1. Where the only charges are on Cβ atoms (+1 Lys, Arg; -1 Asp, Glu), what is the dipole of the chain about its Cα centre, to the nearest 20 debye?
2. Taking only DSSP H segments of four or more residues, each worth -39500 (n - 2.57), what value at 222 nm results for the chain once the sum is divided by all its residues, to the nearest 500 deg cm²/dmol?
3. Contact order normalised by length for the chain, with contacts defined as Cα pairs under 8 Å and 6 or more residues apart; what percent is it?
4. Give the shape of the chain as rounded, prolate or oblate, defined through the alpha-carbon gyration tensor: a ≥ b ≥ c are the square roots of its eigenvalues, a/c under 1.5 means rounded, and otherwise the shape is prolate if a/b is larger than b/c and oblate if not.
5. By average Cβ neighbour count within 10 Å, what is the ranking of 66-75, 116-125 from highest down?
6. Give the residues of region 135-165 whose amide nitrogen is closer than 20 Å to a point set 7 Å from the Cα of ALA100 in the direction of its Cβ.
7. Quick check on region 2-151: take the gyration tensor over C-alpha atoms, sort the square-rooted eigenvalues as a ≥ b ≥ c, and tell me if it's rounded (a/c under 1.5), prolate or oblate.
8. Does region 84-231 come out rounded, prolate or oblate by the C-alpha gyration tensor, with a ≥ b ≥ c the root eigenvalues, rounded set by a/c under 1.5 and, if not, prolate when a/b is larger than b/c and oblate if not?
Amino acid sequence: MKTFVSPEQRPDTETVVAIGSFDGVHLGHQALLAQLRARAREFRVPSVVYTFDPPTRVLTQGVEFLSTLPEKLELLARYGVDETVAVPFTTEFASRPKEAFLDDLRVLRPRVVVVGEDFHFGRGRAGGLEDLREVAPRVIALPMHQLGGDDIKSTRIRELLRAGDVEGTARLLGRHYGAQGVVVQGDRLGRTIGYPTANIRVPLGKALPLGVFAVMALGDPNQGEGDRRWPGMANVGWRPTVEGRELRFEVHLFDFAGDLYGQELQIKFFNRLRGEQKFGGLEELKAQLARDAEQARGLLAGLG
């Protein structure tokens, strides 16, 4: 997939365009992408996603994001998008009038524009579907998707993550939620009780579920480990038993021996084991970790 930061960078050809933040690339987004691919095949032109970095609500409302830009681009490529224009979303960009946004779209020469039915753009969200019809002969506006009574939208997924409901999150995403980050030095407390952990540093603002989880770790392709997968368990929280003062994302990989410092791991959250608890001491914590590990191994059996 080709990637650009402005419409002017791409070749001067007709396109079919889908517009949106695509934060998380959930099932609702995937429905937009299916329409995008179908219309691009119909007109034999490139399928283009016009998106924003960071997602609009991260800047305007201060919410956490579900996908970093690299994660989003990887997902869009996986779902068959030919090109992505990922525009830097700044305060200045957000304050532009709707006419400036329409001018950007004209550069893409869209035969069809695909959006959600509630899509608005420009300063004060002044632009809407009728304005898009000034730029494209056809505008497809898809309704909000639902699954089991849940609206499939990024806001709902953030709510589920805050509750630690990674199973519910997976249903709305169509895959297990993941977080990618670099392994950094910790205080090595875990190894003293038989559960060494990789401390994962993720980009500031990345949404994480709180609690203890059964997870799968994917290796760093830059270290020749791209095909490696390790089952394990993760704790995301404040470590109240040892008077923790900062949020930690720690992963214990089952039956692993080696050095991961400086490597990038992708962690997939499969099941929530429990919420974070404060124990009476390290021995009590160690006993609970043994129970957590047994449960996680059972849940992840056959997935390694």
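Laboratory data are not the source of any read-out in this text; all were calculated from the coordinates shown. Worth saying up front: this structure is predicted, and the values here are computed from it rather than measured. Neighbour counts are summed over all protein chains in view; Cβ atoms, including those assigned to glycine, are modelled from backbone coordinates with ideal geometry.
1. Charge dipole of the chain: 340 debye, to the nearest 20.
2. About -8500 deg cm²/dmol.
3. 16
4. prolate
5. Details: 66-75: 20.2, 116-125: 15.2.
My ranking of the peptides, most packed first, is 66-75, 116-125.
6. In region 135-165, the label zone of ALA100 (backbone N under 20 Å from the point 7 Å along Cα→Cβ) covers 135.
7. It is rounded, given that a/c, with a ≥ b ≥ c, falls under 1.5.
8. It comes out prolate by the Cα gyration axes.
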